[in-house]
Amino acid sequence: MRTLYRNADILCRGENGWYLLKNACLGVNGAVFDYVSETPPEGGPYDETVDLRGKLVMPGLINCHTHAPMVLLRGVGSDLPLQEWLFKKVMPIEDKLFEDEMRVGTELAAMEMLAGGTVSFSDMYFYPHVTADVIDKVGMKANLNRPVQAFDPNEKACDNRRVKEAVAFYDAYNGAADGRILIDFCIHAEYTCNEEVTRYLADIVREKHGNLHIHLSETEREHEECRNKYGKTPARWFADLGAFDSNAFAAHCVAVDADDVALLREKGVAVVHNPTSNMKLGSGFAPVQAFIDAGLTVALGTDGAASNNNLNMFEEMHLSAILHNGLTQDPTVMKPGSVLDMATVNGAAVQRRAGCGEIRVGNRADFIALDMLRPHLTPCLDAQALLVYSAQGSDVWMTVCDGRVLYKDGEYLTIDAERVYHDVARVTEKLYG
Ligand code: NI
């Protein structure tokens, strides 16, 4: 199937950053782009032509840290400190989540992400095989994992069932759905795992050339408690246990110090910035400019909907673009192009998805089209600034993943939205009724 999208303004990325093709053509052949130009293709049999007049096309967004089914906990325990929120409010509800709830939660999260322009996400939650099956059907991309925790400081790795499940999940699902589903490994955090289990899993990740997803120094309290307990920072703790000897990416990194930044740089650890969650939970501000200056790869994430309270990547882009300027009292700190990188190409790098995150011939056809005939998007004098400072998630008109249209003009093409809303009501009654 070949489709030619015509008359769109297309945000492309070259060696010198982002640029806009005006009134251009975008050819898609199956799951890949086969034509991108302001000049219409000569001949070339396309099966269908779609007019995108008034639309701006850009790469699909990549949410590199979330807990998708937590949309079912949207708003739970708001306005509490992180530890209290997590242990007293969130975890008792999580004890009631089983496969049916995970399916419904993932479907609702997928709807929200598609409507906001997200094509791919890196998740960290229980029953990930359920999430994998839903995402396979929905048509999105996801990097999933079975999170490993070990609350008992004396627990042996051989007794930890989560490690066994993580390996079995990797072996069964990595590369599923034509590669749309990739399986990472995960250690939830320093404060939820012991040293033996962490070292054991780190060895497995290295052997399998896997990708490791962790929470790191989300709060000053976590950072200081680790220093008191082990005499080192969480970043050094993970590094000493071998966790950074593989591809690794760390969510948050709010309370890291200068030595940690140097260590992350030395080990090639990528950072996922979650500005809404960090502000909502009162955790603080990750030193993103220091990460970028140090040459770290920085991607963006929403975190779960219980600490955000949505999965809207346009909000994360907007906050990333303005909060570091405010924090440093320097309006030149965070460039719109850097923020667009974080939400697209850097996300693809963190997910280790070659050929994703940029619109160019030969790449995977993951893109979104925004409806530009909106007051707050007019006039379009600087597309990068407009997308980062003015655009809303609700401006997304169409979301396409691997060439397949998944969302268009308010309609979900692979999800029965009415049935999902009905199921969410049923599950909500069970969890909170
Ligand atoms: Ni998180």
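Observations on the structure shown:
- Under a model in which nothing but the beta-carbon of Lys, Arg (+1) and Asp, Glu (-1) is charged, the stretch 64-350 shows a dipole of about 200 debye around its Cα centre.
- Three principal axis extents describe the C-alpha atoms of the stretch 322-370; from largest down they are 41, 25, 14 Å.
- Placing unit charges on each Cβ (+1 for Lys and Arg, -1 for Asp and Glu) gives the chain a dipole about its Cα centre, and among Ile187, Ile93, Val269 the Cα reaching farthest toward its positive end belongs to Val269.
- Rg over Rh [alpha-carbon atoms, Kirkwood Rh] for the stretch 111-207: 1.03
- Taking a Cβ cut-off of under 12 Å around Gly30, the surrounding Lys, Arg, Asp and Glu residues balance to a net charge of -1, with basic ones at +1 and acidic ones at -1.
- Relative to one another, the C-alpha centroids of the stretch 106-124 and the stretch 184-259 are positioned 26 Å apart.
- In percent, rounded to a whole number, the relative contact order of the chain is 21, using alpha-carbon pairs under 8 Å and six or more apart.
- Principal semi-axes of the equivalent ellipsoid, √(5λ) from the alpha carbon gyration tensor of the stretch 358-433, are 31, 19, 11 Å from largest down.
- Net charge dipole size for the stretch 212-362 [Lys, Arg +1 and Asp, Glu -1 on Cβ; Debye, nearest 20]: 300
- Per residue, the Cα convex hull of the stretch 1-52 amounts to 76 Å³.
- Equivalent ellipsoid, the stretch 64-350 (semi-axes from 5 times Cα gyration tensor eigenvalues, Å): 25, 23, 19
- Of Glu165, Glu101, Glu190, the residue with the greatest mean-square motion in the GNM of the chain, using alpha carbon springs below 10 Å, is Glu165.
- Mean Cβ count within 10 Å, highest first, over the residues of peptides 74-85, 268-279, 381-392: 268-279, 381-392, 74-85
- Of the residues Gly231, Pro287, Met334, the one whose Cα sits farthest towards the positive end of the charge dipole of the stretch 64-350 is Met334 (charges of +1 on Lys and Arg Cβ, -1 on Asp and Glu Cβ, taken about the Cα centre).
- Paired Rg and Dmax values of the stretch 1-103, which use every Cα atom, in angstrom: 22.2, 63
- Separation of the stretch 389-417 from the stretch 130-162 is 28 Å, based on Cα centroids.
- Which listed pairs, of Lys232/Lys267; Lys96/Lys164; Lys96/Lys137; Lys208/Lys280; Lys156/Lys208; Lys88/Lys408, have C-alpha distances above 28 Å, in listed order: Lys208/Lys280; Lys88/Lys408
Read-outs: derived from the displayed coordinates by stated rules, not from any lab. Just so it is clear, the structure is predicted and the values come from calculations on it, not from any experiment. In this analysis, Cβ positions are derived from the backbone assuming ideal geometry, glycine residues included, and neighbour counts consider all displayed protein chains.
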